[in-house]
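**Q** Pasting a structure below so you can have a look.
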Amino acid sequence: RSMSSVTIPPPACMLRPLEAPLRYLFGPGPSNVPPRILAVGAKPIIGHLHPEMYEIMNDIKRGIQYAFQTENNMTISMSGSGHAAMECAVFNTVEPGESVLVAVNGIWGERVAEIAERMGANVHRMVKTPGGYFSNKEIEQHKPVLFFLTHGESSAGLCHPVDGIGDICRKHNCLFLVDTVASLGAAPIFMDKQNIDILYTGSQKALNAPPGTAPISFNERACHKMFNRKTKPVSYLFDMTHLSNYWGCDGKPARLYHHTGPVSGFFALRESLAILAERGLEESWKKHKEVAAYLYRGLEDLGLKLFIPERDLRLPSVTTIAIPDGYEWRELLAYIMKHHQMEMTGGLGPSIGMVMRIGLMGYNCEKTNADMALNALADALKNCKKSKA
Ligand code: PMP
């Protein structure tokens, strides 16, 4: 046998067409992508360093500045999912040995704590059970270089208050990092007015773009810290010295090759930000609140209990329900998937076994969809009862 002959045959699965069913994505993400965004994702590819692409990236930057309510020049999208933004934020602003304070009240804080530990930071976790929240007084007791908080804690369904925390961080010369992956577009956030130093989100939740891009913004304080480091960040791909050049944020005349950005993903992200700009943030926040309130009523009418008792702390995009007595949550979810082609999910990390989650985000955030979700739940409750009371 010659070295050039193929010994592994083409796999049979590859000779069959791809199958991707239509599903109602009423979990915590990804959400359904509207036809308008799907359509731009199918446009012909252009080069990632073509002038037209730079224009599209400049538009994305403007779209993110609006969505984040910031004038920060250092505003870009990661080529990667929300985790890429989490790692970019931590890797660039923290050096090994520096101390990071993380608010852990669900899975996202825990993830960021682990990311910071892996790059050698000295991590302090402030821990609450899922759904718990932190007072500004508790936060003020620590002296880290970076404080992390999840705005929309999607594993618990909590929307954490942000007001005043940025000022505390400033007073202590600490950077304030906020995760809005699950909340951007669904609940108000004002990066500049709330003195948030680093803010990121994801494409696949209320923005309704496909997964794979993640907007992030750094203010002057964050830039000062990350561009005056003694050590280089551990990641080449996520190094903001390179990414700021790629996104035309470093004031240099030429944008150089760093990595090949996800061209179609950026087309889709631009379209999703355009839809948000046309619709307006206030309108989007109002709609999420109204539909969530409608869903709460319907859930209570079904005899279900909401996991977050304080209405004002509920995340409008992802609603958590306490698992009803006499049911197996996995069975309820499997029933809903099988009979209604609808995704709802269980908990994540520490909230597993505590909650079921319904996400109605952006394009999916409609009362008709809430009705469909309630109808599917009612059907599952009727058919999956374990103990006959
Ligand atoms: N933060 C929050 C609050 C999230 O809900 C998610 C996604 N579920 C992430 C971060 C991580 O994003 P990704 O899955 O896109 O990496």
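**Q** Give the residues of the stretch 131-172 that are of a type in the set (S, T, Y) and under 20 Å from A222 (Cβ atoms), sorted by residue number.
**A** Across the stretch 131-172, the qualifying residue is only T150.
**Q** If Q141 satisfies all but one of (1) away from the ligand (no atom under 16 Å from the Cβ); (2) touching a residue at least 12 places away in the same chain (Cβ under 8 Å), what's the number of the condition it fails?
**A** All conditions are met except number (2).
**Q** Report whether or not I275 is crowded, with 18+ Cβ neighbours inside 10 Å and either outside the structural domain of G202 (by TED's automatic domain parsing) or at positive phi (or both).
**A** So I275 fails the test.
**Q** Can you pull out every residue in the stretch 106-129 that is surrounded by 17 or more Cβ atoms within 10 Å (Cβ to Cβ) and either within 11 Å of the ligand (Cβ to nearest atom) or part of a helix (DSSP H, G or I) (or both)?
**A** Once the filter is applied, which keeps residues that are surrounded by 17 or more Cβ atoms within 10 Å (Cβ to Cβ) and either within 11 Å of the ligand (Cβ to nearest atom) or part of a helix (DSSP H, G or I) (or both), the stretch 106-129 yields G106, I107, W108, G109, E110, R111, V112, A113, I115, A116.
**Q** Right, next: Which one of M14, M86 is surrounded by 13 or more Cβ atoms within 10 Å (Cβ to Cβ) and of a type outside the set (K, R)?
**A** After ruling out the rest, the residue left standing is M86.
**Q** Pick from E278, E300, E282, E331: which is out of contact with any strand residue (DSSP E or B) (no Cβ under 9 Å at 6 or more places or on another chain), outside any loop (DSSP other than H, G, I, E, B) and closer than 23 Å to A376 by Cβ?
**A** E331
**Q** Let me ask something else about it. Within the stretch 192-242, which residues are crowded, with 17+ Cβ neighbours inside 10 Å, within 14 Å of N73 (Cα to Cα) and either more than 16 Å from the ligand (Cβ to nearest atom) or among the small types (G, A, S) (or both)?
**A** Selection gives D197, S217, F218, N219, R221, A222, C223, M240.
**Q** For the stretch 152-160, indicate whether the set of residues that are in contact with a Cys (Cβ under 9 Å, 6 or more places away or on another chain), within 10 Å of the ligand (Cβ to nearest atom) and outside any loop (DSSP other than H, G, I, E, B) is non-empty. Outline the logic, then answer.
**A** In the first step, residues of the stretch 152-160 are kept if they are in contact with a Cys (Cβ under 9 Å, 6 or more places away or on another chain); the result is 152-153.
Applying the additional criterion that residues be within 10 Å of the ligand (Cβ to nearest atom) yields 152-153.
From what's left, outside any loop (DSSP other than H, G, I, E, B): 152-153.
Taking every residue of the stretch 152-160 in turn, at least one turns out to be in contact with a Cys (Cβ under 9 Å, 6 or more places away or on another chain), within 10 Å of the ligand (Cβ to nearest atom) and outside any loop (DSSP other than H, G, I, E, B).
**Q** Can you find a residue in the stretch 34-53 that is more than 16 Å from the ligand (Cβ to nearest atom), of a type in the set (D, E), free of Cβ contacts under 8 Å to residues at least 24 places away in the same chain and outside any loop (DSSP other than H, G, I, E, B)?
**A** Yes, the stretch 34-53 contains a residue that is more than 16 Å from the ligand (Cβ to nearest atom), of a type in the set (D, E), free of Cβ contacts under 8 Å to residues at least 24 places away in the same chain and outside any loop (DSSP other than H, G, I, E, B).
**Q** Could you list, in sequence order, the residues of the stretch 286-307 that are within 22 Å of Q204 (Cα to Cα) and surrounded by fewer than 18 Cβ atoms within 10 Å (Cβ to Cβ)? Before the answer, list the steps.
**A** Pass one, the stretch 286-307, residues within 22 Å of Q204 (Cα to Cα): 286-292, 295.
Hits for the stretch 286-307 are K286, K289, E290.
**Q** Here's something else I'd like to know. Please specify each residue of the stretch 312-328 satisfying the condition of being farther than 15 Å from H160 by Cα and either of a type outside the set (F, W, Y) or in a helix (DSSP H, G or I) (or both). Steps first, answer last, please.
**A** Initially, the stretch 312-328 is screened for residues farther than 15 Å from H160 by Cα, giving 321-328.
I321, A322, I323, P324, D325, G326, E328 - these are the residues of the stretch 312-328 that are farther than 15 Å from H160 by Cα and either of a type outside the set (F, W, Y) or in a helix (DSSP H, G or I) (or both).
**Q** Could I ask something else about it? Looking at the stretch 77-91, can you tell me whether even one residue there is more than 16 Å from the ligand (Cβ to nearest atom) and at pLDDT 95 or above?
**A** No, the stretch 77-91 contains no residue that is more than 16 Å from the ligand (Cβ to nearest atom) and at pLDDT 95 or above.
The values are calculated or read from the model by the stated rules, or taken from the named source; none is laboratory data. For clarity, every value in this text was computed on a predicted model and none was experimentally measured. Note: ideal-geometry Cβ built from the backbone for every residue, glycine included; neighbour counts use all protein chains shown.
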